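All remarks here apply to the structure that follows.
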Amino acid sequence: MLRHSTLDTPAGPFTVIATDTGAVRAAGFTTDVPELMRLVHPQLKGPVEADDVGPVRDAVRAYLDGDLSALDAIEVQQFTKGGFMGHAWEVMREIKPGAPVTYTQYAELAGRPAAIRGAAQACARNAVALILPCHRVLRTDGSLGGYRWGLPVKSWLLAHESRG
């Protein structure tokens, strides 16, 4: 069984879909649970009910209150058949708050400097926004680039993290 919970944040509503054990399968700045479920791989889907997502909710609150490392221990479950995407998601968690990187730098951190498009795809296919911090990856020219949940949210997150 999957559970979902929506929190009010300064950047807008943030919904988390997690397992009973607290592993996050989808998260984003929306109240639209079906939209989030479309991001979850079919092998990881299941029935979803509204409920408190416990420690995940507490970690998001702590992050919003200024503990920028509060999300580091949250388990995530995204489906990958291995290869670059899964590795890139692991590396994404190593990008520190207040120290965004470009897609080029992200590809280099992931050990494949030529895989700039692969790095961009890892960001675009990330179903667990905020917890896997794709908002910390910028265009090669340093501009914000895209963000599934909107540039105002990405801008707010980066500003929040630069204050910490």
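Taken together, the values in this text are just the output of simple stated rules run on the coordinates, not laboratory data. Remember, predicted model here, so these are calculated numbers, not experimental data. In this analysis, Cβ positions are derived from the backbone assuming ideal geometry, glycine residues included, and neighbour counts consider all displayed protein chains.
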### Task
Kindly provide the trypsin sites (Lys or Arg not before Pro) of the stretch 1-108 that DSSP labels as loop, not H, G, I, E or B, and whose Cβ sees at most 15 other Cβ atoms within 10 Å.
Arg38, Lys45, Lys81, Arg93
### Highest-first arrangement of 67-77, 138-148, where packing means the average Cβ count within 10 Å
67-77, 138-148
### Message
Please give me the summed charge of the neighbours of Val48: other residues whose Cβ is under 15 Å from its Cβ, Lys and Arg +1, Asp and Glu -1.
### Response
-2
### Task
Starting at the first residue of the stretch 131-144, write each ³J(HN,Hα) from the Karplus equation 6.51 cos²θ - 1.76 cosθ + 1.60 with θ = phi - 60°, in whole Hz, x for Gly and Pro.
6, 9, x, 5, 5, 8, 10, 10, 4, 4, 7, x, 6, 4
### Query
Can you sort Met85, Met1 by how many other beta carbons sit within 10 Å, fewest first?
Met1, Met85
### Task
With a point put 7 Å past each Cα toward its Cβ, work out how far Ser69 is from Glu35 in nm, to one decimal.
3.4 nm
### Query
Quick one: in the chain, what % of C-alpha pairs are over 24 Å apart?
30 percent
#### Entry: Residue order, fewest to most surrounding Cβ atoms within 10 angstrom, among Ile116, Ile17
Ile116, Ile17
